[in-house]
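Novice: Take a look at this one; I'll ask things after.
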Amino acid sequence: MDPVDIGLWGVPLAILGGAIRVSTPFIFVSLGECLTERSGRINLGLEGTLVFGAMSGYAMAYETGSPFIGVLAAAVAGMLFGLFHGWICKFEGVNDIAVGIAMMLFGMGLAFFLGKPYIQPVAPDLPAIGFGWWSDIPQVRAALQVNVLFIAGGILALVMAWMFRSTRVGLVVRVVGDSTDAARAIGLNPDVVRLLATGAGGALAGVGGAYLSLYYPGSWSEGISSGQGLMAVALVIFARWNPINCFWAALLFGGAGALGPALQSVGVSEGYYLFFAAPYVLTLGLLILTSSPDRAMQGAPLALSLTK
Amino acid sequence: MTGRKPRGAITVEAVHMTMKFGDFTALDDVSIKIRAGSFHALLGENGAGKSTLVKCIMGFYHATSGEMLVEGFDAQMTDPKAAQELGLGMVYQHFTLVPSLTGAENLVISRADVPAVIDWRAERARLDAFMQTMPFSVPLDQPVSRMAAGEKQKLEIVKQLYLGNRFLILDEPTSVLTPAEADEVLGYVRAMTRAGEITVLMITHKFREVTAFADEVSILRRGQYVGGGKVGEISIEEMSRAMMGAAPEVSERNRAETVKTPVLTLKGVKAVDSSGLKTIEIDAVTLHSGEILGIAGISGNGQMELMEILTGQRRLTGGEIRLNGQPFGMTRAEARAHKLRYLPEEPLRNACAPRMSVAENLAFRMFDEGPGGRSAFWKDGRAIARNATALIEAFKVKTASPAARIASLSGGNVQRAVLGRELSGEVDALIVSNPCFGLDFSAVSAIRDRLIEARNTGTAILLISEDLDEIMELSDRILVMSEGRVSFETPIETANVTELGQHMAGHG
């Protein structure tokens, strides 16, 4: 099918398609970070987990021929990273932020070291579902090629919101994140809860990484991540620790990230690199706009070292 | 909730309890019996061993010797869970509720058998049915962080009953409540003991609560059981003599005639409260020299914000504050020039650097001041040490050494240390908030003496306090704050507690 000229309509369409494509890793990493932070701990190492997940997912998909086994492998690798972070932070006097930075560098370094042989080979991609069948316009069809992980991420956000509200696990995580003392008084072990929450958060970040190497951009290289793991931390704060908000915020970031390429596609080349910075400018702008010198941050888990 | 737990009140007995920490004997052969359905008060000064005793009962400490009987049977309190399984529960002075969870969520999560998936509709129906049997109502849909102190206290008690506990230990339950709230809560608790539903052991300092609500009383002093019996058969004098060792010295506080000139004026002051939802508006308040202006109010009605405005911790959104006729921007330089000092509440958090030494903390007003009031560049270690020694002695601060971290001191000693620092040198104006919160009898009396003394020498004192008795005892003039506004003003001569209480509760 030949491309049809749809003029400036191409821009919003490209942004929509780009938002869905670019936001998926943000959704997973931010949901993972949301879960971890709700338990009262920050894992800044998710950037490293993400890169390692991208590498291990790509490698396993290549070796087995199945992208889903790749995703699973990335989740397991991410979980191990998360558990390691959680285990170190259990010790007295260990700062979770410092450990997170160390884990970030460790994860990236290890991924580059182990991933060298996988830069050349081609691994199978994750499938996408075409929601544009009703349209004859190829651009619409292309924009509505929604990958399965995006859909899974959306469902996961809903499930996590429900979990925080209506399940024992969810309430336990919130109690631990809010007050270590209250958690102990109820008979919970905050260290174990945080360990598991960090592990689960790491697994989700690993899946986000697998998306990068197995769908978009769809290959493994050392420059695969452009800081999604770190941005997700800011995103969680902006989303006020609410999983549903995390989903929308990720979509917004994805849309901002797609702004540059979309404008480029209709021939705007002026200030083109500036548009690539849009997600970062957006992060700064939103954090400044939503902060207040008078109000305490709403919704912040009280045991978090950010809010202490 | 669980089948094993008894339905009605239970008898708990501690027999020959002794608890030693190294060489120190915190509890020395204490035996008390709390009969089923009784309201038992445990009196004693700070450090008398009350907390040690209840911690042994609840299984937090393992008593060095002695035993516990529950319903006449030997009970091994190896850990708090064992106590809970026998139906023993404790309401702490510091709330153990989870702030961001709602009342309902707090109740459900505290249960031992929380289902994996919570069916909120069914839970709510059950909770509502349970609340029908409770004497007081608690907002279940609000996050705890938005509740008033009284509501939290009630929720804590409700939680224990919801857990099926039939023996409750209340640790100074009224310290954060207004007199009316305290009477309400204790009245209900007593009604439940009378009905034979629960047994209560209440730790307290306040004789009034003992005589008005308790059936029996036990008094501890220095780890020993020094007296007790049925309330009504034992007089207040006997109780206080047992508690203090001798009759308490009622200090003679003479109020000198003072010259009253305006020092601090607030006009149309506006600010946003900590939740960002409500505003604080103070139309006109003037503090004069040589007077104590008391600000009464239930906690959470804007007093904390007022204190934060005056210390510069909270931004003004409107109005102006003048100090000695000049605009006041709450800076350290201005406060120093006008000799304005502060004693905020929770001084360890708001007025100290917790990890720095006592000497350094005591030097916060003078370390950067050289001879002749000029600013100093070099630190003068000897002057800091002299200052520390003098203040520690003058204000009877109990510390291992001036070099000890201030966070290692007890609450009363931190309070005295900060008060000493703030009252050193010439002080023209002093703003204090809950200066005696959580302190024992003798510390309270010493701090109040200091305040009156400062007033008599012409210092203007703004006293923000949630303790109405303290306001009545110290103030020359009383303002009531309610919902972020000053709702009532009266000189001490015409003040009466009932009227103040009504204004505090918001219906004047």
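The values are calculated or read from the model by the stated rules, or taken from the named source; none is laboratory data. Nothing here was measured: the structure is a model prediction, and the numbers come from that model. All Cβ positions, glycine included, derive from the backbone under ideal geometry; neighbour counts span all protein chains shown. Keep in mind that these areas ignore ligands, DNA and RNA; they rest on the heavy atoms of the full protein, side chains included. Shrake-Rupley method; radii C 1.70, N 1.55, O 1.52, S 1.80 Å.
Novice: When only residues in region A:150-167 that are assigned to a helix (DSSP H, G or I) and without any contact (Cβ under 8 Å) to a residue 12 or more places away in the chain count, which is nearest to the other protein chains (Cβ to nearest Cβ)?
Specialist: So the first thing to find is which residues in region A:150-167 are assigned to a helix (DSSP H, G or I), and the list is A:150-166.
If we keep only those that are without any contact (Cβ under 8 Å) to a residue 12 or more places away in the chain too, we end up with A:152, A:155, A:159, A:162-163, A:165-166.
On the way: A:Ala152: 21, A:Ile155: 17, A:Val159: 12, A:Trp162: 9, A:Met163: 9, A:Arg165: 8, A:Ser166: 5 Å.
Among them, the one singled out is A:Ser166.
Novice: Within region A:240-256, work out how many residues are in contact with a Phe, Trp or Tyr (Cβ under 8 Å, 6 or more places away or on another chain) and modelled with pLDDT under 90.
Specialist: Here the count works out to 2.
Novice: Follow-up question, since we're still on this one. Filter region B:273-303 for residues that are within 13 Å of another protein chain (Cβ to nearest Cβ), surrounded by fewer than 23 Cβ atoms within 10 Å (Cβ to Cβ) and touching a residue at least 60 places away in the same chain (Cβ under 8 Å) and give the result.
Specialist: Within region B:273-303, the first condition is being within 13 Å of another protein chain (Cβ to nearest Cβ), and the residues that meet it are B:273-280.
Retained after the next criterion (residues that are surrounded by fewer than 23 Cβ atoms within 10 Å (Cβ to Cβ)): B:273-279.
The answer is B:Asp273, B:Ser275, B:Lys278, B:Thr279.
Novice: Restricting attention to region B:304-349, and to residues there that are within 14 Å of chain A (Cβ to nearest Cβ) and open to solvent by less than 70 Å² (accessible area, probe 1.4 Å), which single residue is farthest from the chain's Cα centre (by Cα)?
Specialist: The extreme case among them is B:Gly318.
Novice: Are any of the residues in region A:125-135 surrounded by 15 or more Cβ atoms within 10 Å (Cβ to Cβ), free of Cβ contacts under 8 Å to residues at least 60 places away in the same chain and either acidic (Asp, Glu) or within 30 Å of A:Ile6 (Cβ to Cβ) (or both)?
Specialist: Looking for residues that are surrounded by 15 or more Cβ atoms within 10 Å (Cβ to Cβ), free of Cβ contacts under 8 Å to residues at least 60 places away in the same chain and either acidic (Asp, Glu) or within 30 Å of A:Ile6 (Cβ to Cβ) (or both), one finds at least one in region A:125-135, hence yes.
Novice: Counting just the residues of region B:257-272 that are in a strand (DSSP E or B) and either at positive phi or buried (at least 17 other Cβ atoms within 10 Å of the Cβ) (or both), which one comes out farthest from the other protein chains (Cβ to nearest Cβ)?
Specialist: B:Val263
Novice: Now for a different question. Among the numbered criteria (1) crowded, with 17+ Cβ neighbours inside 10 Å; (2) within 22 Å of A:Ser225 (Cα to Cα), which one does A:Phe113 miss?
Specialist: (1)
Novice: Let me ask something additional. For the condition more than 19 Å from B:Glu346 (Cβ to Cβ), charged (D, E, K, R) and surrounded by 18 or more Cβ atoms within 10 Å (Cβ to Cβ), what is the one hit in B:Arg416, B:Arg421, B:Arg455?
Specialist: Step by step, each of B:Arg416, B:Arg421, B:Arg455 is checked, and only B:Arg455 is more than 19 Å from B:Glu346 (Cβ to Cβ), charged (D, E, K, R) and surrounded by 18 or more Cβ atoms within 10 Å (Cβ to Cβ).
Novice: If you check A:Ala256, A:Ala250, which single one turns out to be more than 20 Å from A:Leu46 (Cα to Cα), under 18 Å from the mean Cα position of the chain (by Cα), in contact (Cβ under 8 Å) with a residue 24 or more places away in the chain and not in a loop (DSSP other than H, G, I, E, B)? Before the answer, list the steps.
Specialist: Values: A:Ala250 fails: more than 20 Å from A:Leu46 (Cα to Cα).
Answer to the check: A:Ala256.
Novice: Let me ask something else about it. Given the criterion assigned to a loop (DSSP other than H, G, I, E, B) and either within 11 Å of another protein chain (Cβ to nearest Cβ) or touching a residue at least 24 places away in the same chain (Cβ under 8 Å) (or both), identify the matching residue among A:Gly170, A:Gly218, A:Gly177, A:Gly199.
Specialist: Values: A:Gly170 fails: assigned to a loop (DSSP other than H, G, I, E, B); A:Gly177 fails: assigned to a loop (DSSP other than H, G, I, E, B); A:Gly199 fails: assigned to a loop (DSSP other than H, G, I, E, B).
Selected residue: A:Gly218, the only one of A:Gly170, A:Gly218, A:Gly177, A:Gly199 that is assigned to a loop (DSSP other than H, G, I, E, B) and either within 11 Å of another protein chain (Cβ to nearest Cβ) or touching a residue at least 24 places away in the same chain (Cβ under 8 Å) (or both).
Novice: If a residue has to be in contact with a Ser or Thr (Cβ under 8 Å, 6 or more places away or on another chain) and open to solvent by 60 Å² or more (accessible area, probe 1.4 Å) to count, how many in region B:126-153 make the cut?
Specialist: 4
Novice: Another question, then. Report whether or not A:Ser292 is closer than 30 Å to A:Gly40 by Cβ and in contact with a strand residue (DSSP E or B) (Cβ under 9 Å, 6 or more places away or on another chain).
Specialist: Here the answer is yes, as A:Ser292 does meet what is asked.
Novice: Considering region A:63-85 alone, what residues qualify as being of a type in the set (Phe, Trp, Tyr), surrounded by fewer than 22 Cβ atoms within 10 Å (Cβ to Cβ) and closer than 15 Å to A:Ala111 by Cβ?
Specialist: Within region A:63-85, A:Phe84 is the sole residue that qualifies.
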